[in-house]
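Each remark here refers to the structure printed beneath this line.
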2 protein chains.
Amino acid sequence: MKNIKVIAFDADDTLWVNEPYFRATEEAFSKLLKAYLPEEEVNTILFSIQMRNLELYGYGIKGFVLSMVETILKITEGKGDLELVSKAISFGKEMLNKPVELLEGVGEVLKSLNGDYRVVLATKGDLLDQERKLIKSGLEKHFHHIEIMSDKKPSDYQKLLKHLDCKPENFLMVGNSVKSDILPVLEIGSYAVHVPFHTTWAHEEVKKDERQTFPVVENISEVANLLK
Amino acid sequence: MKNIKVIAFDADDTLWVNEPYFRATEEAFSKLLKAYLPEEEVNTILFSIQMRNLELYGYGIKGFVLSMVETILKITEGKGDLELVSKAISFGKEMLNKPVELLEGVGEVLKSLNGDYRVVLATKGDLLDQERKLIKSGLEKHFHHIEIMSDKKPSDYQKLLKHLDCKPENFLMVGNSVKSDILPVLEIGSYAVHVPFHTTWAHEEVKKDERQTFPVVENISEVANLLK
């Protein structure tokens, strides 16, 4: 990692808390439908509907709410009360209105890297929602460029690098998802540092043996040391 | 318009058909609820709910579907059938799966400008949906850069210009919406060409007297002539 010029940070669960809000909503949602189905089964159906809709809806809260609504239709066999749908809509609005809770060390590390590197935000998810979180976070000033990506496959990173006019060997990605932030970045010949978060969405999980070698740090502030 | 270096094109209803699909869906949706309320009133309520949700949901089909669902809850006073919600979800999926219908002259003008100018796509709406439409359109190869904007206020255009490293006097925007593509662009000291489309969303309408002077062309292919 001698020639790093651009450092990109993932946002959700790397800079700020995200996945726990989805988990809490899933829990409340499955409770809502427990008269129809055991809570665990509700979550299994919701997850499979989300996966089926992913190509069409993409990542983010709006697609999640639409999948909750579809889950209600399926589980109640179209005979449930509209009140269930109303609750799902409210869950979504609550999530969109959540304050941003920064993870430890984030502000400091971004400040310390700025000047020496081009610091970029590279995140999946809904454009408006991510922009809103960035503004709420107060971190906007640290970023040279914000890239909201519809996916994080190797080809998506290649597009980002082309757009940033950056060679693979000059690019470092920092994030919590091995599947989205680490493996595809290593695949294109760039560098990646994994900052694990305690909660990972099932869709982002990878099998242990798929893992290549890459630095793992416990706290994001250690990224600065790795670069020295 | 002597020193134009970057030309940005709006997408929906500038390059391809969009608003008529929303109108057709609104019509089908209001028919669905006509047992509860006259069709015109359904649309009025849907529009007001959309406007109220705009800050939270942003532009695009997913937010539109969520607003349709909320309209069902309101109009049926929570007593409607889940089948109505199921229909709204289907309307949304149909819209997302629509083929892209290019407007006349689009391919030719993009091809003719390429090489002489940096040609950019600058559009509001949902990231994934706009990317999908761009791929379906076959126009991707003509664009140097794709910018999906969460809004099109003067400050959003200033951010885009900063990001493109382009001075206001070197920037030309081409689009169908006076409110989003023309006025804010003139306000920051750049150029804009209006290509009217026969259908305009109520939210995008501006009063005549607000208009400043700017070129209006009937067909997008005339943009090339204006630059000569």
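Overview of results
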| item | result |
| --- | --- |
| Which numbered condition residue A:122 fails, given (1) modelled with pLDDT of 95 or more; (2) within 18 Å of residue A:176 (Cβ to Cβ); (3) surrounded by fewer than 21 Cβ atoms within 10 Å (Cβ to Cβ) | (3) |
| Single residue of region A:55-74 satisfying the filter (of a type in the set (Phe, Trp, Tyr) and assigned to a helix (DSSP H, G or I)) that is farthest from the other protein chains (Cβ to nearest Cβ) | A:64 |
| Any hit, region B:136-143, residues being touching a strand residue (DSSP E or B) at 6+ places or on another chain (Cβ under 9 Å), in contact (Cβ under 8 Å) with a residue 40 or more places away in the chain, assigned to a helix (DSSP H, G or I) and not β-branched (Val, Ile, Thr) | yes |
| Residue check, residue A:51 away from chain B (no Cβ under 11 Å) and in a helix (DSSP H, G or I) | yes |
| Which listed residue is within 12 Å of chain A (Cβ to nearest Cβ), of a type in the set (Asp, Glu) and touching a Ser or Thr at 6+ places or on another chain (Cβ under 6 Å), from B:131, B:140 | B:131 |
| Check on residue B:77, among the charged types (D, E, K, R) and more than 10 Å from chain A (Cβ to nearest Cβ) | no |
| Residues within region B:14-38 that are surrounded by 15 or more Cβ atoms within 10 Å (Cβ to Cβ) and assigned to a helix (DSSP H, G or I), tallied | 8 |
| Extreme residue, farthest from the other protein chains (Cβ to nearest Cβ), among residues of region B:82-104 that are out of contact with any helix residue (DSSP H, G or I) (no Cβ under 8 Å at 6 or more places or on another chain) and outside any helix (DSSP H, G or I) | B:104 |
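The values are calculated or read from the model by the stated rules, or taken from the named source; none is laboratory data. Here the structure is a predicted model, which is why all the values come from computation and not from measurement. For neighbour counting, all protein chains shown are included, and Cβ atoms are generated from backbone atoms with ideal geometry for every residue, glycine included.
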